[in-house]
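First up is the structure itself, then whatever we jot down about it.
What follows draws every value from the coordinates through simple rules; no lab data is involved. Since this is a predicted model, take the numbers as computed values, not measurements. Note that each Cβ is placed from the backbone with ideal geometry, even for glycine, and that neighbours are counted across all protein chains shown.
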Amino acid sequence: MNIILLGPPGAGKGTQARILVDEHDMIQLSTGDMLREAKDSGTEMGKIVADVMARGDLVTDDIVIGLIREKLQGDKKGGFIFDGFPRTLAQADALTGLLAETGEKLDAVIEMQVDDEALVSRITARSTCSNCGEVYNDHTKPIPADGICTSCGQKAEFKRRSDDNEESLKNRLMEYYKKTSPLIGYYYAKGALTRVDGLGDIDAVKAEIAAALD
Ligand code: ADP
Ligand code: ADP
Ligand code: ZN
């Protein structure tokens, strides 16, 4: 099964992707995570994307399509979860082509609906375990008081993303509405879209996604 999690920054895509990885042995393909890795390891590509990401602009289609192409050649396990990709119509078309090349197809596109106010509140409270990537939230899923990550069991550092500030977020939201939200219509027209209420708690959203994939 190959699925796309579609939604604005902070909708809960990464959180739900990690659950699907644990429960269905799927592979999470987060272009945001891949770009951050490139940036942190200081590769040429990482240097190119650093400023773009800090501003909250979109990285060029060629770069992210290249990243995804590489991953699709690897192990497929229980299928791919596209998290934060595609973000433009050009990326969506490229994904269709890449899947066709490898004999794969898209099984579902889950649109996670969350209103803008909740997004701002979620993102400015987000932190991530630097060891395993588990996502925490000051309001809804606080960092354990003993500093031990509930997911990996390690004493970990919990990092905030440098682009999780209100200014970059405003720009990311603008980019989402201008360039990514047309994908909702695109996948609806293809008969692939399922809408999920992303405002419920993590378990409620998880149940809605499970029902959509059934
Ligand atoms: P969020 O989890 O807040 O939605 P991501 O981690 O997915 O953010 O992305 C962080 C940044 O990485 C984006 O603001 C953008 O600069 C870049 N990025 C990630 N995925 C893509 C993509 N598919 N196309 C273009 N830029 C991307
Ligand atoms: P995205 O990958 O779409 O940017 P994340 O999964 O990183 O979103 O979630 C953004 C923030 O919101 C994180 O702090 C996360 O813990 C929190 N969060 C995720 N899902 C929910 C939910 N259903 N209810 C409340 N908070 C949530
Ligand atoms: Zn951890």
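Direction-averaged shadow area of the convex hull around the Cα atoms of the chain, nm²?
Mean shadow area of the hull around the Cα atoms is 11.4 nm².
What ³J(HN,Hα) values, in whole Hz, does the Karplus curve 6.51 cos²θ - 1.76 cosθ + 1.60 give for the range 63-75 when θ = phi - 60°, with x put for Gly and Pro?
Working through the residues one at a time gives 5, 6, 5, x, 5, 5, 4, 4, 5, 5, 7, x, 4 Hz.
Just to check, using Stokes-Einstein with a Kirkwood Rh over alpha carbon pairs, what's the diffusion coefficient of the range 105-197 at 37 °C and 0.692 mPa s in µm²/s?
D = 213 µm²/s.
Do you know the relative contact order of the chain, to the nearest whole percent, from alpha carbon pairs under 8 angstrom that are 6+ apart?
29 percent
Provide the packing ranking of 49-58, 35-44, i.e. peptides ordered by the mean count of other C-beta atoms within 10 Å per residue, highest first.
The packing order, highest mean first, is 49-58, 35-44.
By its C-alpha gyration tensor, with a ≥ b ≥ c as the square roots of the eigenvalues, how is the range 1-124 shaped: rounded for a/c under 1.5, else prolate for a/b larger than b/c, else oblate?
Since a/c reaches 1.5 but b/c is at least a/b, the shape of the range 1-124 is classed as oblate.
Give the distance, in whole Å, between the Cα centre of the range 139-207 and the Cα centre of the range 30-54.
19 Å
Determine by what factor the alpha-carbon radius of gyration of the range 88-159 differs from 2.2 N^0.38 Å, reporting the quotient.
1.59
Using just the alpha carbons, could you tell me how many Å³ per residue the convex hull of the range 166-214 encloses?
82 Å³
Quote the charge dipole size of the chain about the Cα centre in Debye, to the nearest 20; the model charges only the Cβ of Lys and Arg (+1) and of Asp and Glu (-1).
Using only the charged Cβ atoms, the result is roughly 240 debye.
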